[in-house]
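Taking it in order: structure first as structure tokens, then the write-up.
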Amino acid sequence: MTFKIGAHVSIEGGFTKALEREKALGGNCGQIFVKSPRTWHITKTTEKETSQFKEKYEKSNLKPFMAHGTYLINLATPKEELFQKSIECLKKEIEKTNKLSLPYITFHPGSHTGSGEEKGINKVIQGLNELEETLKNVETQLLLENTSGKGSTLGHTFPQLERMIKETNAPNIGVCLDTAHAYGAGYDFKTTTGIQKTLKEIKKTIGLHRIRMIHLNDSLAPLGSRKDQHAHGTNGEIGKEGIKNIVNHKELRNIPMVRETNLPQKDIAIAKELRQKQSV
Ligand SMILES: [Zn+2]
Ligand SMILES: [Zn+2]
């Protein structure tokens, strides 16, 4: 199977520009924001632009491309207004992603901001339930991204993600595995034994099949520090050996990988260099 590796790219100048950028970087899959990730505002996209993108994307060998949701979204919040706003925003983003014919949209479940883990997880489940109808009517699948556990963010353990996925009625919820976040949360993605141990927990909880995409990021923050700091290339705590272990691991190597970095071209090239013909 071809090594699927790409990077997050900008949509500046229009959606189709993102595909051109990915190609120029040497990627063969990727990620975009379908709207500005730091505001609630959803910019309208014309039918023409949507269909132009769709046509170009479907003909391309850049599949899969994934959308990344707005950073303001917080389904775990105890604040009702923010909760409702988050659901409305996610609904629109899911619909927009589907119109662009992208298979996935990933988002961070949110922070309980003091209400406690239990209440926060229950709010996420309630939020996902409110997306049930939207998700039933689209082909795009919603992915929960694991977090580093910074502050009161939830989704930093696989048992937490398992509860969110298994206790909601929303269909086809998957996971986007961010290796830097997982490392910050205390999951070793560095050594082969560490990866084995982490995979064992994944299989016991969410199931490996739930992981539809990987954010292949190195972490500046140490193992279990509960900090979210991405490193370029292999210049972090996971390092060259760790990234090499991930891109070659027999149970991970066929999952599409996306790098989230300011040096996308270089970092895609590094991942390709470390990739071997045989799995480990
Ligand atoms: Zn993310
Ligand atoms: Zn990520």
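The values are calculated or read from the model by the stated rules, or taken from the named source; none is laboratory data. Here the structure is a predicted model, which is why all the values come from computation and not from measurement. Every residue, glycine among them, receives a Cβ derived from its backbone with ideal geometry; neighbour counts consider all protein chains shown. SASA here: full protein model, heavy atoms, side chains in, ligands and nucleic acids out. Shrake-Rupley method; radii C 1.70, N 1.55, O 1.52, S 1.80 Å.
Of the cross-linked pairs 4/203; 197/277; 136/277; 59/272; 204/227, which ones have a Cα-Cα span greater than 28 Å in the structure shown?
Pairs exceeding the cut-off: 136/277.
For residue 268, what accessible surface area do you get with a 1.4 Å probe? Give it in Å², rounded to 10.
It works out to around 0 Å².
What is the antiparallel percent of DSSP beta bridges lying wholly in region 5-274, to the nearest 5? Spell out each step's value before the answer.
Numbers: 3 of 27 bridges.
So the antiparallel bridges in region 5-274 amount to around 10 percent.
Per-residue accessible area for residue 21 at 1.4 Å probe radius, Å² rounded to 10?
80
Let me know the Kirkwood hydrodynamic radius for region 5-274, please, with Cα pairs as the basis and the value in Å to one decimal. Could the numbers behind the result be given before it?
Numbers: mean 1/r = 0.0539 Å⁻¹.
After inverting the pairwise mean of 1/r, the radius is 18.5 Å.
Leaving out same-chain residues fewer than 8 places away, which aspartates and glutamates sit with a Cα under 17 Å from that of residue 190?
Correct list for residue 190: 178, 201, 218, 228, 237, 241, 251.
Mind ranking 215, 41 by accessible surface for me, highest first, 1.4 Å probe?
Greatest to least solvent exposure: 41, 215.
Can you give me the solvent accessible area of residue 188 with a 1.4 Å probe, rounded to the nearest 10 Å²?
40
In the chain, carbon and sulfur make up what percent of the accessible area (probe 1.4 Å)?
On the chain, the fraction of accessible area on carbon and sulfur atoms equals 49 percent.
Calculate, in nm to one decimal, what residue 167 and residue 48 gain on full extension: separation in residues at 0.36 nm each, minus their alpha carbon distance. Show your work: numbers first, answer last.
Numbers: separation 119, 0.36 × 119 = 42.84 nm, distance 3.92 nm.
Extra length from residue 167 to residue 48 when fully extended: 38.9 nm.
How much length, in nm to one decimal, is gained on full extension between residue 20 and residue 2, taken as 0.36 nm per residue of separation minus their Cα-Cα distance?
4.5 nm
Of 69, 274, 217, whose Cα points farthest to the positive end of the dipole of the chain (charges on the beta-carbon: +1 Lys, Arg; -1 Asp, Glu; origin at the Cα centre)?
274
Working out 0.36 nm times the residue gap between residue 201 and residue 41, then minus their Cα-Cα distance, what length gain in nm do you get to one decimal?
Contour length minus the Cα-Cα distance gives 53.8 nm.
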